[in-house]
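Got a structure here, written out as structure tokens. Questions coming.
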Amino acid sequence: MRRRNKTRQEHNDAPEPEFSPGRITSVSTQTRNSSRVSVFIEGAFSFGCFKAVFLASGLAVGRELDAASYAALMKEEARFKLREYWLGLLGRRAHTAAELVRKARQKDYDASQFERVLQEFRERNYLNDEAFARAYIQEMSTIKKWGPAKLKLELRKRGVSDEVSNPLIAALIPEDDISALEALVRKNSRRFKRESDILKRKKKIADHLLRKGHKPEQVFRHLDHFLEIVSQQP
């Protein structure tokens, strides 16, 4: 079977050799990823990087590339990779800065670039914890019927401070509105109804509503009402 020789462009998956300074003799677009280029120094493959990073560096065929310039190029390459990864995440849904950092750490992105790219995103208004929290509260209180305590806890996990979440929760969830609690009781009424002992049934209802983050005083004040809802369900 005839073996096909690799062309100079087919360095997508090949390990990069240790960098050696010298003159850039050619630059070619990679066959498997047209957004990246392979850079050759003194006729031999040296490294690959994103085309945008290479063009922004001002480097070109015929230019000398020393160790310091290469190190600066690799820093920009790391920053570009991180930026593209985070933009992809933000394109799917809003994220807090803490979420972006956590996911980038899990993927072993260069941590030294985190703060610089985060600052860039803040300046461009790609990141806004208040807007994220507002959308999150509206979604989870509507779909999952979560109460204030659960919302605050989940927002903390996502890096949103209480200073941001507290006024939003107070504004978006009316103090005397028990419609979310009623909806949770109706949804789980069959399960509650399996408990024939009324006191135990009350406890099951209360425990469920408290786990969903609703205020204890609200739960216990209306517990007889919730018990009546269960009894009325078929």
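Do we have A149 as assigned to a helix (DSSP H, G or I), of a type in the set (G, A, S) and free of Cβ contacts under 8 Å to residues at least 12 places away in the same chain here?
Details: assigned to a helix (DSSP H, G or I): yes; of a type in the set (G, A, S): yes; free of Cβ contacts under 8 Å to residues at least 12 places away in the same chain: no.
Criteria not met by A149.
Assess whether G91 counts as being touching a residue at least 40 places away in the same chain (Cβ under 8 Å), among the small types (G, A, S) and either in a helix (DSSP H, G or I) or surrounded by 12 or more Cβ atoms within 10 Å (Cβ to Cβ) (or both).
On the way: touching a residue at least 40 places away in the same chain (Cβ under 8 Å): no; among the small types (G, A, S): yes; either in a helix (DSSP H, G or I) or surrounded by 12 or more Cβ atoms within 10 Å (Cβ to Cβ) (or both): yes.
For G91, the condition - touching a residue at least 40 places away in the same chain (Cβ under 8 Å), among the small types (G, A, S) and either in a helix (DSSP H, G or I) or surrounded by 12 or more Cβ atoms within 10 Å (Cβ to Cβ) (or both) - is not met.
Could you list, ordered by first residue, the pairs with Cβ atoms under 6 Å in which the first is in region 104-115 and closer than 14 Å to E84 by Cβ and the second is of a type in the set (K, R), at least 6 apart or interchain?
Matching pairs, first to second residue: Q113/R79.
Turning to a different aspect of this structure: What tally of residues in region 52-88 results from selecting those that are in contact (Cβ under 8 Å) with a residue 40 or more places away in the chain and among the acidic types (D, E)?
2
For region 152-165, which residues satisfy the criterion of being more than 21 Å from L209 (Cβ to Cβ), touching a helix residue (DSSP H, G or I) at 6+ places or on another chain (Cβ under 8 Å) and free of Cβ contacts under 8 Å to residues at least 24 places away in the same chain?
If the condition is that a residue be more than 21 Å from L209 (Cβ to Cβ), touching a helix residue (DSSP H, G or I) at 6+ places or on another chain (Cβ under 8 Å) and free of Cβ contacts under 8 Å to residues at least 24 places away in the same chain, then D162 is the only one that fits.
Specify which of the listed residues (R83, R32, R92) is modelled with pLDDT under 95, of a type in the set (K, R), under 31 Å from the mean Cα position of the chain (by Cα) and in the same structural domain as K107 (by TED's automatic domain parsing).
Details: R83 fails: modelled with pLDDT under 95; R32 fails: in the same structural domain as K107 (by TED's automatic domain parsing).
Unique residue meeting the criteria: R92.
Taking the conditions exactly as written (polar (S, T, N, Q), out of contact with any Gly (no Cβ under 8 Å at 6 or more places or on another chain) and more than 30 Å from W86 (Cα to Cα)), does S196 satisfy them or not?
The answer is yes for S196.
Can I ask one more? Out of region 24-71, which residues are of a type in the set (A, V, I, L, M), touching a strand residue (DSSP E or B) at 6+ places or on another chain (Cβ under 7 Å) and not in a loop (DSSP other than H, G, I, E, B)?
Within region 24-71, I24, V27, V37, V39, I41, L65 qualify.
What number of residues in region 212-234 are without any contact (Cβ under 8 Å) to a residue 12 or more places away in the chain and under 39 Å from the mean Cα position of the chain (by Cα)?
3
The values are calculated or read from the model by the stated rules, or taken from the named source; none is laboratory data. Just so it is clear, the model here is predicted, and its values are computed rather than measured. Cβ sites come from the backbone with ideal geometry, for glycine too, and all protein chains shown count toward neighbours.
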